[in-house]
Structure formats: structure tokens, C-alpha cells
Amino acid sequence: MHESPYMIEGNDVPLAPGNVFSVEPGIYIPGKFGVRIENLVAVRPDGSGEALNHFTRELTVCGD
């Protein structure tokens with residue numbers, strides 16, 4: 001579930017400390033498959049971002 005402030009084009013609501021948002025890069029091949037990585041980022045008190053996901057981005061092949 002997403003809550004405001006929404007990270008969408010045209011939204012000019014500034015982020016504040018404590019806000020958490022997602023960055024979701026993905027690739028979709030029509031008629032075949034798609035994959036998206038959801039990265040969560042929290043806004044720190046100093047205004048910087050802190051990644052909350054700490055997993056590898058390496059490709060893992062499952063099955064044959």
C-alpha cells in the first residue's frame with residue numbers, strides 16, 4: 001500500500017524526515033514476463049535518504 005506523499009510526476013509536496021518511499025525500476029517484455037525491484041528509501045532527519053533494502057542486485061537463475 002502506498003501513502004502520500006506520492007512520488008509521481010507533478011507532485012510538488014516536499015519530502016519530510018520520516019517519509020518512506022519506493023523506487024521501483026523494472027523491465028517488461030510484452031507477452032513474456034516482467035520483473036520489478038522495489039527499493040525502499042527513508043528520509044533521515046538531515047534530509048538525506050537511507051536505503052532500507054540491503055540485498056544483492058545480482059541475477060539469480062532459478063531452475064534450468
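The values are calculated or read from the model by the stated rules, or taken from the named source; none is laboratory data. Quick caveat, the model's predicted, so the values are computed rather than measured. All Cβ positions, even for glycine, are placed from backbone atoms using ideal geometry, and neighbour counts span all protein chains on display. For accessibility, only protein heavy atoms count, side chains too; no ligands or nucleic acids. Shrake-Rupley method; radii C 1.70, N 1.55, O 1.52, S 1.80 Å.
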(request) Identify, from the list Arg44, Arg57, the residue that is basic (Lys, Arg) and without any contact (Cβ under 8 Å) to a residue 24 or more places away in the chain. (result) Arg57
(message) If a residue counts only when it is surrounded by 10 or more Cβ atoms within 10 Å (Cβ to Cβ) and hydrophobic (A, V, I, L, M, F, W, C), which strands (runs of 3 or more DSSP E) contained entirely in the chain have at least 2 such residues?
(response) 20-23, 39-43
(request) Show the residue pairs that are 6+ apart or on different chains and have beta-carbon atoms under 8 Å apart, the first residue being within the range 27-38 and within 17 Å of Arg57 (Cα to Cα), the second being open to solvent by less than 100 Å² (accessible area, probe 1.4 Å) and among the charged types (D, E, K, R). (result) Arg36/Glu24; Ile37/Glu24; Glu38/Glu24
